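One structure is given here, and the rest of the page talks about it.
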Amino acid sequence: MELPEELPQLYRRHIFACGTQRPPMHPRGSCGNSGAQPLWERLGQKIETLGLGSEVGFTISGCLGFCSAGPLMVIYPEGVWYRPQSEADIDEIVDLHLQQDTLADNHVVVLTR
């Protein structure tokens, strides 16, 4: 069976945020050890408070594969990766990317394999 050209979408955007927590001193590090949890809590609260839950999916995921760069989140369908460092960064990403449909340039991270 071939994939259809266009599928109905449940959300306009879907955010995946790494919630991996490795032991301290693990050689790969982890987003959890980089302070991710309070940032993702803030993100979930902002989505809910602003009433964006019907158009923005939010999933705390496992490892996204770039452990030393965290905390990391990626927003689809654009595929934009962000590295927020504070709750103010989360607020800016929500305001710019989710509400104004523009990049939060100060927080974009370009990753390579």
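Only the coordinates and a few stated rules stand behind these numbers; no lab work does. Predicted model only: the values in this text are computed from it and were never measured. Glycine gets a Cβ as well: all are built from the backbone with ideal geometry, and neighbour counts include every protein chain shown.
Miscellaneous remarks
- Cβ distances below 4.7 Å define possible disulfide partners, and in the chain the cysteines left without one are Cys63, Cys67.
- Segments 6-12, 27-33 sorted - mean Cβ within 10 Å per residue, highest first: 27-33, 6-12
- Residue among Pro24, Pro84, Pro71 with the largest mean-square fluctuation in a Gaussian network model of the chain, springs linking Cα atoms under 10 Å: Pro24
- Equivalent ellipsoid dimensions for the chain as semi-axes, Å, which come from the Cα gyration tensor, largest first: 24, 18, 13
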